[in-house]
Amino acid sequence: MINDTLLNRRTIRKYSSESVDDKLLNDILIKGCRASTTGNMQVYSIIITRGETIKKELSPLHFNQKMITEAPVVLTFCADFNRFNKWCLQRKAEPGYDNFLSFITAAIDALLVAQTVCIAAEDKGLGICYLGTTTYMANKIIDVLKLPSGVVPVTTVTLGWPDEKPEQPDRLPLEAVIHRDTYKDYSNGDIDNYYREKEARPDSWKFIKENNKETLAQVFTDVRYKKEDNVYFSKLLLQVLKDQGFMNQ
Ligand SMILES: Cc1cc2nc3c(=O)[nH]c(=O)nc-3n(C[C@H](O)[C@H](O)[C@H](O)COP(=O)(O)O)c2cc1C
């Protein structure tokens with residue numbers, strides 16, 4: 001079963017109106033929370049959003065991606081040292097987790113749990129979609145979800161019963177992402193080889209045409225993930241890390 005789940009999965013962005021019951025969600029979350037975490041500190045939290053009011057508030061912060069309002073369940077995974085810090089202080093221990101390294105530690109914990117939740121959900125036939133908009137709009141999501149100091153949202157996952165079965169997207173050949181013993185840097189020829197199949201796909205050509213570009217890479221650099229946006233949202237995120245208490249050296 002897990003083989004099929006992993007090999008046949010695809011992101012689902014359209015969900016049926018059927019709800020996901022609490023028992024099933026609980027079962028998935030219990031499995032997800034079995035993921036490894038740094039020193040078993042479990043420095044993450046998961047906010048479950050089912051209610052229309054909060055979903056409507058979250059929607060523009062995720063650039064109105066329809067999955068937020070259409071999926072029965074929205075999960076926001078947060079890097080969270082708040083709970084652990086409180087435990088330390090209540091037990092005569094001085095926490096030293098107000099720094100960038102600790103943010104990364106907590107973000108890694110949150111993401112490992114998120115992905116394990118996704119696999120557990122997909123194994124039950126549910127569909128999931130990650131939303132990268134979380135790190136773009138973390139400052140506003142913090143307000144809506146009332147996240148205290150020490151807590152930063154790092155990713156969001158929408159969850160529901162699939163109402164579509166899209167084509168499976170491509171992957172680079174395994175050889176493109178695997179290095180044996182040490183990193184072997186890519187020659188121009190390697191890049192041509194590894195991206196040839198992706199670039200030849202009809203959906204890639206459609207993408208290029210729709211966006212009036214010459215190459216697929218330009219769709220990424222000039223349209224989807226532009227430098228000016230990256231720089232703008234980087235600054236916002238760095239401010240979030242400061243505001244949430246993670247940048248004290
Ligand atoms: C961190 C992360 C952020 C993502 N953000 C979005 C998003 O904002 N909107 C969306 O529709 N899909 C999003 N996705 C889904 C990816 O587009 C998708 O995983 C990728 O195209 C590969 O498709 P597959 O998951 O069906 O194999 C995100 C995926 C990840 C891992």
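Observations on the model:
- Selection over region 11-38 of residues that are within 16 Å of the ligand (Cβ to nearest atom) and open to solvent by 50 Å² or more (accessible area, probe 1.4 Å) gives a count of 2.
- Residue within region 122-132 that is assigned to a helix (DSSP H, G or I) and within 13 Å of the ligand (Cβ to nearest atom) present: yes
- Flag for residue 56 being of a type in the set (D, E, K, R) and either without any contact (Cβ under 8 Å) to a residue 40 or more places away in the chain or open to solvent by less than 50 Å² (accessible area, probe 1.4 Å) (or both): yes
- Entirely in region 134-249, the helices (runs of 4 or more DSSP H) that have 1 or more residues that are among the hydrophobic types (A, V, I, L, M, F, W, C) and open to solvent by less than 60 Å² (accessible area, probe 1.4 Å): 138-144, 174-177, 202-210, 227-243
- Residue within region 42-63 that is outside any helix (DSSP H, G or I) and within 13 Å of the ligand (Cβ to nearest atom) present: yes
- The C-beta contact set for region 151-170 (first residue acidic (Asp, Glu) and near the ligand (Cβ under 9 Å from one of its atoms), second residue modelled with pLDDT under 95 and part of a strand (DSSP E or B), distance under 8 angstrom, 6+ apart or interchain) is empty.
- Condition met for residue 77 (within 15 Å of the ligand (Cβ to nearest atom), at positive phi and not polar (S, T, N, Q)): no
- Candidate set: region 94-115, residues that are of a type in the set (Gly, Ala, Ser) and out of contact with any Phe, Trp or Tyr (no Cβ under 8 Å at 6 or more places or on another chain); chosen: the one farthest from residue 78 (Cα to Cα): 96
- Of all residue pairs spaced 6 or more apart or on separate chains, those with beta-carbon atoms under 6 Å, a first member in region 10-36 that is under 18 Å from residue 130 (Cβ atoms) and a second member that is open to solvent by 40 Å² or more (accessible area, probe 1.4 Å) and part of a helix (DSSP H, G or I) are 15/70; 32/116; 35/112; 35/116.
- Checklist (1) within 24 Å of residue 244 (Cβ to Cβ); (2) out of contact with any strand residue (DSSP E or B) (no Cβ under 6 Å at 6 or more places or on another chain); (3) within 15 Å of the ligand (Cβ to nearest atom); (4) not basic (Lys, Arg) applied to residue 102, failing item: (3)
- Within region 39-51, restricting attention to residues that are open to solvent by 60 Å² or more (accessible area, probe 1.4 Å), in contact (Cβ under 8 Å) with a residue 12 or more places away in the chain and of a type outside the set (A, V, I, L, M, F, W, C), the residue that is nearest to residue 108 (Cα to Cα) is 42.
The values are calculated or read from the model by the stated rules, or taken from the named source; none is laboratory data. All of these numbers come straight from a predicted model, not from anything done at the bench. Heads up, the Cβs are rebuilt from the backbone with ideal geometry, glycines too, and the neighbour counts pull from every protein chain shown. These accessible areas exclude ligands, DNA and RNA; they are computed on the full protein's heavy atoms, side chains included. Shrake-Rupley method; radii C 1.70, N 1.55, O 1.52, S 1.80 Å.
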